[in-house]
Amino acid sequence: MKNNTNIKKPSNQGKEMKTDYSKGIILGLIIIIIVLVGITAFLIYKGNHPKLSDGKQVVASIDGKDFTAEDLYEELRLQGGYSVLMSMIDSFIVEKEIEDTTDAKKYAEALIAQYELQYKDSNVSFEDVVISSGYESIDAFKKAIINNYLYTEVGEKYIKNSITDKELKDYYDDHVSDELGVKHILIAPDVGDDATSDEKKKAEEEALKKAKEIIKKIEAGEDFEKLAKENSDDTGSASNGGIINNVVKDKYITEFWDAANKLEIDQYTTEPVKSKFGYHIIYKVSHTPKKSFEDMKDSLYDKVVTAKTSDDSDLIDKTWIEIRKKYNLNIVDTNIQKIYDITIKNM
């Protein structure tokens, strides 16, 4: 079961401490999970605790009442035992599925370093934020991050193993394209977010007019790269003379890609190409055909997994349902089984 490990960076207003809990697979149990972290830490603490044999051992007492391990179990079982149990089950499966956890540990260390940097100038310590979020320590938080990483890794491994050749070929046909090299000038309408429709229309007309004037200068023999440096509103390429390498279909807007792809090498668009960003003038420098499907097949699995999990945010959790079935999950406690059935029904 996936843990919630998201912690917000400090707010700029008063630097108040805030926490953010993302959607987990347990519906309505987020607060219980946080409480259980502290309870679980208590139970595993290497201090004084009753040696269990029949559940009658006293864990706490007050005048007139002894609280036994059995009492505690019943409350935990009803208030969040499902969450703890599924965590235990999934952690066991992860250990069976993943031998090398080096990447997960590096990821956790890098993420914690990033959080610590975000809180460096805050008036609260990162450790305090972690503890107030329900973790015993930064090490406990790190462990939760690692568990999340490995949970996702196992899910993705099973999704990858289920991908068919047809899915790979469909992805290849729909998403893998030739690679272009271009030079580019963007003329964006100079208009604010609160502009009226008339102001927007006027700004677009002026941008189109300017783009056409630049095309005339290109036709007259002026240097494209010089014109890009002087006029382009594409801040990512203007300083480099408008040069953009590795242009592929999936990463560029349709209007831009279609116009660039149709050009011959050393040819430019003689009419401005309109998109939501403004008006583009595109000069084609190179065109590299894509590799064959067979040559690219092995490299497509991860891309298809990414596409699948992007299309369905619950896919990892749904896959884990099948993974547990493979390991013959049998939940004896009927209350916990009921919660599990409702949880997977609502995915």
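Report, ordered by the first and then the second residue, all pairs with beta carbons closer than 7 Å, sequence separation of six or more or different chains, a first member in the range 295-320 that is in contact (Cβ under 8 Å) with a residue 60 or more places away in the chain, and a second member that is among the basic types (Lys, Arg) and surrounded by fewer than 16 Cβ atoms within 10 Å (Cβ to Cβ).
What qualifies is 301/160; 305/160.
Let me confirm something: among 172, 119, which residue is in contact with a Leu (Cβ under 7 Å, 6 or more places away or on another chain) and not assigned by TED's automatic domain parsing to the domain that holds residue 280?
172
In the range 301-346, what residues are outside any helix (DSSP H, G or I) and under 17 Å from residue 151 (Cα atoms)?
312, 313, 314, 327, 329
I want to confirm something. Restricting to the range 63-111 and keeping residues that are among the β-branched types (Val, Ile, Thr) and touching a Phe, Trp or Tyr at 6+ places or on another chain (Cβ under 9 Å), which single residue is nearest to residue 151 (Cα to Cα)?
In this case the residue turns out to be 94.
Quick check on my filter: what residues within the range 203-236 are at pLDDT 95 or above and hydroxyl-bearing (Ser, Thr, Tyr)?
232
Restricting to the range 233-254, name every residue that is at positive phi, surrounded by fewer than 19 Cβ atoms within 10 Å (Cβ to Cβ) and in a loop (DSSP other than H, G, I, E, B).
241
Could you look through the range 269-281, keep only residues that are surrounded by fewer than 19 Cβ atoms within 10 Å (Cβ to Cβ) and hydroxyl-bearing (Ser, Thr, Tyr), and pick out the one that is nearest to the chain's Cα centre (by Cα)?
275
For the condition modelled with pLDDT under 95, among the charged types (D, E, K, R) and within 34 Å of the chain's Cα centre (by Cα), what is the one hit in 200, 183, 251?
On inspection, the qualifying residue turns out to be 251.
How about the range 127-186: which of its residues are basic (Lys, Arg) and part of a helix (DSSP H, G or I)?
Within the range 127-186, 142, 143, 157, 160, 166, 169 meet the criteria.
Return the pairs, sorted by first residue and then second, in which the second residue is among the basic types (Lys, Arg) and surrounded by fewer than 21 Cβ atoms within 10 Å (Cβ to Cβ), the first residue lies in the range 120-147 and is at pLDDT 90 or above, the beta carbons are less than 7 Å apart, and the residues are 6+ apart or on different chains.
Note: pairs meeting the criteria are 146/105.
Quick check on the range 99-115: of everything there that is free of Cβ contacts under 8 Å to residues at least 40 places away in the same chain and surrounded by fewer than 14 Cβ atoms within 10 Å (Cβ to Cβ), which residue is farthest from residue 306 (Cα to Cα)?
Only one residue fits best here, namely 113.
Considering only residues of the range 61-78 that are of a type outside the set (Gly, Ala, Ser) and more than 25 Å from residue 335 (Cα to Cα), which is surrounded by the fewest Cβ atoms within 10 Å (Cβ to Cβ)?
It comes out as 63.
The values are calculated or read from the model by the stated rules, or taken from the named source; none is laboratory data. Note that this is a predicted model, so its numbers are computed, not measured. In this analysis, Cβ positions are derived from the backbone assuming ideal geometry, glycine residues included, and neighbour counts consider all displayed protein chains.
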